[in-house]
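S.K.: Here it is, the structure, as structure tokens.
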Amino acid sequence: MPSRTDNAIQRDVLEELKWDAAVDARNLGVTVAGGIVTITGQVSTYGENREAERLTEMIPGVKEVIVNMEVVTADAFGDAELGVAVRNALSWAAYLPIDAVSARVEDGWVTLSGTVHSGFQRQNAENAVQFMRGVKGLTNAITVANRDAPVADMKANIESALTRRYDAQDQHVVVSVDGRIVTLSGTVTNGWQRYLMRNSAWNAPGVEDVRDHMRIVD
């Protein structure tokens with residue numbers, strides 16, 4: 001399959017951003033050079049920032065996404081008020097252990113820390129916060145530690161999950177495990193596949209970190 005032109009990629013990214021209701025694309029601009037997409041402009045929530053990146057990764061031909069969007073919120077929340085709201089949201093997140101995650105807010109930027117038992121819980125904490133009013137940015141510094149999960153079969157379990165979820169004939173990702181750290185290398189066809197592969201690895205019990213060394217090839 002021939003490589004897609006930058007103009008075709010730009011057109012599809014713009015259309016996708018306009019199509020998805022989670023993103024207000026009226027103040028966004030998209031440029032593409034060699035399959036590398038740069039998104040600029042303003043959004044009103046940090047969640048829109050992340051959603052725009054996710055949507056762009058799904059477009060065929062996209063090799064990398066650079067997000068230079070500014071979160072401009074009309075909500076006049078102070079850090080103390082926002083901090084209370086964030087902690088309440090975390091306490092209501094069903095998949096998070098009570099008091100496992102803490103939050104610090106500085107100028108609307110939220111930093112999450114603490115320890116959870118799985119990558120799924122780590123991502124769930126971020127999801128609980130990213131679309132909240134007043135959140136301008138987010139750093140996920142939560143660590144994953146599950147020493148009760150065995151590591152002996154971790155590589156085989158991840159490879160099995162990837163085979164179940166994706167066509168084995170199109171599988172060009174190599175899984176390596178060092179202790180509880182998983183490294184994914186090899187090639188994928190788009191950023192969305194790369195995202196899914198990474199999430200699949202995070203779902204394995206006992207994984208404490210996933211290092212993404214995958215490359216996107218047409």
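Derivation of every value follows stated rules applied to the coordinates shown; laboratory data play no part. Note that the coordinates shown come from a computational prediction; the quantities given were computed from them, not determined experimentally. Positions of Cβ are backbone-derived with ideal geometry, glycine not excepted, and every protein chain shown enters the neighbour counts.
S.K.: Going by how many other beta carbons lie within 10 Å of each one, how would you line up 19, 109, fewest first? Provide the component values of the computation, followed by the final result.
M.R.: On the way: 19 10, 109 16.
Going from sparsest to densest Cβ surroundings: 19, 109.
S.K.: Arrange the peptides 207-217, 181-191 so that the one whose residues have, on average, the most other Cβ atoms within 10 Å appears first. It would help to have the intermediate numbers written out before the result.
M.R.: Values: 207-217: 16.1, 181-191: 17.7.
Highest-to-lowest ranking by the protection proxy: 181-191, 207-217.
S.K.: Could you run the Karplus curve 6.51 cos²θ - 1.76 cosθ + 1.60 with θ = phi - 60° over segment 77-85 and give me ³J(HN,Hα) per residue in whole Hz, x for Gly and Pro?
M.R.: Ordered by residue, 3J(HN,Hα) equals 8, x, 4, 5, 5, 5, x, 5, 5 Hz.
S.K.: Determine, from the Cβ-Cβ distance of residue 4 and residue 40 and an R0 of 25 Å, the FRET efficiency 1/(1 + (r/R0)^6), rounded to the nearest 0.05.
M.R.: Numbers: r = 21 Å, r/R0 = 0.85.
Efficiency for this residue pair is about 0.75.
S.K.: If you compute Cα Rg over 2.2 N^0.38 Å for the structure shown, which of (1) 1.05; (2) 1.10; (3) 2.31 do you land on?
M.R.: Answer by label: (2).
S.K.: Cα gyration tensor of segment 154-216, axes a ≥ b ≥ c as square roots of the eigenvalues: rounded (a/c below 1.5), prolate (a/b > b/c) or oblate? Walk me through the intermediate numbers first.
M.R.: Details: a/c = 1.79, a/b = 1.39, b/c = 1.29.
Judged from the Cα gyration tensor, segment 154-216 comes out prolate (a/c at least 1.5, a/b above b/c).
S.K.: Could you run the Karplus curve 6.51 cos²θ - 1.76 cosθ + 1.60 with θ = phi - 60° over segment 128-136 and give me ³J(HN,Hα) per residue in whole Hz, x for Gly and Pro?
M.R.: So the Karplus estimates, Gly and Pro as x, are 5, 10, 5, 9, 6, 4, x, 7, 9 Hz.
S.K.: For a protection proxy built on the mean count of beta-carbon atoms within 10 angstrom, sort 136-143, 47-54 highest first, please. Spell out each step's value before the answer.
M.R.: Values: 136-143: 15.9, 47-54: 20.5.
In decreasing order of mean packing, 136-143, 47-54 become 47-54, 136-143.
S.K.: Only helical DSSP H runs with n ≥ 4 go in: add -39500 (n - 2.57) per run for the chain, normalise by residue count and round the 222 nm mean residue ellipticity to 500 deg cm²/dmol. Intermediate values should be presented prior to the final figure.
M.R.: Numbers: 6 runs with 76 residues, N = 218.
Rounded to the nearest 500, the figure is -11000 deg cm²/dmol.
S.K.: Starting from the 7 Å offset along Cα-to-Cβ, what nm value, one decimal, do you get for the label separation of residue 68 and residue 140?
M.R.: If labels sit at residue 68 and residue 140, their model points lie 2.5 nm apart.
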